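The next block holds one structure in the form of structure tokens; read it before the comments.
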Amino acid sequence: EVQLVESGGGLVQPGRSLRLSCVTSGFTFEDYSMHWVRQAPGKGLEWVSRINWNSDTIVYADSVKGRFTLSRDNAKKSIYLQMNSLRAEDTALYFCTKDAPNTGTGAFDVWGQGTMVTVSS
Amino acid sequence: EIVLTQSPGTLSLSPGERATLSCRASQNFGTYYVAWYQQKPGQAPRLLIYGASSRANGIPDRFSGSGSGTDFTLTISRVEPEDFAVYYCQKYGNSPTFGQGTKLQMK
């Protein structure tokens, strides 16, 4: 069974940092690009970032560029999102997700359950 | 930046009725890179359709996708009780973008 399990969310003050993790199992991790997608409370979905299989290509949404850093460890089948200079508008449920096979990139066939990040003083 | 606008915002139907959900793009980005997701309260989204019209694994054939250019449609031929949820269209590829969602609710 394919599984994505996020962790690391919590309550943090504006301007501080947080690191999210996503541990995967059940598929050949190094064959896929991985992504983070977030959802503010009661709102829609917003793509955050993508990392390709060997970390050669990492792309960010404009809203997080320069503040968030995405990385991966293929040996641990995991990805990590370092979030710095957090703002209230970063408050959201953060989902880890993977590319669907044979679709190029950006169509997501498996999602984790999400980890909640709340930025508030 | 490509903007996806979904309509209607809310669709009220009874089980057994046909649902037609629309998604309009602010510019043409290529027909292939359109996906649809279903999200129920407290759950992660589920991929329904990719490539504008291909069903993802395990998706019932009452769900179908169509469209090209800037106008795309998700159709549920006969709504089942478990289909009441929020539906998002997506332009995927290098910078994925989602529509704002259509809530399908029971009349």
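The values are calculated or read from the model by the stated rules, or taken from the named source; none is laboratory data. As the structure is a prediction and not an experimental result, all values here were calculated from the model. With ideal geometry, Cβ positions are generated from the backbone for all residues, glycine too; neighbour counts draw on all protein chains shown. Protein only, heavy atoms only, side chains kept; ligands, DNA and RNA dropped before computing areas. Shrake-Rupley method; radii C 1.70, N 1.55, O 1.52, S 1.80 Å.
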Å² per residue, accessible surface of the range B:4-107 at 1.4 Å: 45 Å²
Qualifying GluC sites (Glu not before Pro) for chain B [loop in DSSP, other Cβ within 10 Å: at most 11]: B:Glu1
Accessible area buried, both sides summed, chains A and B with 1.4 Å probe, Å²: 1400 Å²
Minimum 20 Å² accessible area buried by the other protein chains, the range B:67-107 residues, probe 1.4 Å, relative to alone: B:Tyr88, B:Tyr92, B:Gly93, B:Asn94, B:Pro96, B:Phe98
Given A:Lys76/A:Lys98; A:Lys43/B:Lys107; A:Lys65/B:Lys91; A:Lys43/A:Lys77, the pairs whose alpha carbons are separated by over 18 Å: A:Lys43/B:Lys107; A:Lys65/B:Lys91; A:Lys43/A:Lys77
Per-residue HN-Hα couplings for the range B:8-16 [Karplus 6.51, -1.76, 1.60; θ = phi - 60°; Hz; x = Gly/Pro]: x, x, 9, 10, 10, 9, 9, x, x
Carbon plus sulfur fraction of accessible area for the range B:3-107, probe 1.4 Å, in percent: 44 percent
Efficiency of FRET from Cβ geometry, A:Val2 and B:Arg78, R₀ 30 Å, rounded to 0.05: 0.50
Partner aspartates and glutamates for B:Lys40 [C-alpha distance under 18 Å; skip if fewer than 8 residues away on the same chain]: A:Glu46, A:Asp109, B:Glu80, B:Glu82, B:Asp83
Sparse-neighbour loop sites [trypsin sites (Lys or Arg not before Pro); the range A:25-121; at most 14 other C-beta within 10 Å; DSSP]: A:Lys43, A:Lys65, A:Lys76, A:Arg87
Percent carbon-and-sulfur accessible area, the range A:65-115, ignoring ligands, DNA and RNA, probe 1.4 Å: 48 percent
Accessible surface, per residue, of the range A:60-121 when the full set of protein chains is kept, probe 1.4 Å, Å²: 40 Å²
